[in-house]
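What follows is a set of notes on a single structure, which appears directly below.
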Amino acid sequence: MVTFGSIVCNKLRQPQNYIEAVDSDSIEMKTAELLSGIDGTMRFRYNSRDTFKTLSIYLSEYQLGQRVSHKKVLELSYENVKSSTNGLIVITPDFDNFTAKLIAADKYSKYMTEIPILEGVKNREYYGRSATTIENKCKIEYRTEQGLAALIYGEKGLSSLPIQDIAGEHIDTDNEYMYYYSVEFIK
């Protein structure tokens, strides 16, 4: 009985509005990786007990640690309709075609866009690549951009950063190119 009470107490303490990376060892993730090819895929599941009006995904491009662009690349709007309580965000890099697919899906809608990467960069086919993502269940902070993942590219080497260290106009890194995805929920 004490064990049962402890489990219930832990469940109640966990955030009810959260976003988390899908477990890389799960069957659904293994299947997604097979379909996505060598560069893999990143999947994020969100759950919101509260309704929200908008889900926006932003992309910031960094060159040698300096942010050179920041733009909204996806928006799901729930004006005058009820938002879904849960959904999925998927980022799938395709280094062979120098693009990254971005997918957002929930009970009521699905959206996909393809974003070019390393556009106009000489010798880009020889660049190394890496990625970093959120690792734990993160509480949704409404009206705040929250980091999801970063695609990292470099000709002379790479260094991985924790996702929470990537934000703002300048970050301390020697990585040549980074594509940082963040999400914002608005009530």
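Table for the structure above
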{"read-out": "Subset tally (residues that are closer than 28 Å to Gln16 by Cβ and either in a strand (DSSP E or B) or modelled with pLDDT of 95 or more (or both)) for the range 95-111", "value": "7"}
{"read-out": "The range 132-159 residues that are free of Cβ contacts under 8 Å to residues at least 12 places away in the same chain, paired with ones that are among the β-branched types (Val, Ile, Thr) (beta carbon under 9 Å, 6 or more apart)", "value": "none"}
{"read-out": "Counted residues, the range 118-146 - those being part of a loop (DSSP other than H, G, I, E, B) and either over 14 Å from the mean Cα position of the chain (by Cα) or among the acidic types (Asp, Glu) (or both)", "value": "13"}
{"read-out": "Flag if Ala149 is under 13 Å from Leu55 (Cα atoms), hydrophobic (A, V, I, L, M, F, W, C) and under 18 Å from the mean Cα position of the chain (by Cα)", "value": "no"}
{"read-out": "Residue count for the range 115-131, restricted to those that are surrounded by 12 or more Cβ atoms within 10 Å (Cβ to Cβ) and on the phi < 0 side of the Ramachandran plot", "value": "9"}
{"read-out": "Number of the condition not met by Ile166 [criteria: (1) closer than 16 Å to Ser56 by Cα; (2) aliphatic (A, V, I, L, M); (3) at pLDDT below 90]", "value": "(1)"}
{"read-out": "Failed item in (1) more than 29 Å from Val121 (Cβ to Cβ); (2) touching an Asp or Glu at 6+ places or on another chain (Cβ under 7 Å); (3) modelled with pLDDT of 90 or more, with Met29 passing the rest", "value": "(3)"}
{"read-out": "Which numbered condition Thr41 fails, given (1) without any contact (Cβ under 8 Å) to a residue 60 or more places away in the chain; (2) over 20 Å from Ile166 (Cβ atoms); (3) surrounded by 16 or more Cβ atoms within 10 Å (Cβ to Cβ)", "value": "(2)"}
{"read-out": "Candidate set from the range 132-158 (those that are modelled with pLDDT under 90 and closer than 22 Å to Val183 by Cβ); member that is surrounded by the fewest Cβ atoms within 10 Å (Cβ to Cβ)", "value": "Asn136"}
{"read-out": "Out of Ser69, Ser56, sole residue that is free of Cβ contacts under 8 Å to residues at least 12 places away in the same chain, part of a strand (DSSP E or B) and not aliphatic (A, V, I, L, M)", "value": "Ser69"}
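The values are calculated or read from the model by the stated rules, or taken from the named source; none is laboratory data. Predicted model only: the values in this text are computed from it and were never measured. Note: ideal-geometry Cβ built from the backbone for every residue, glycine included; neighbour counts use all protein chains shown.
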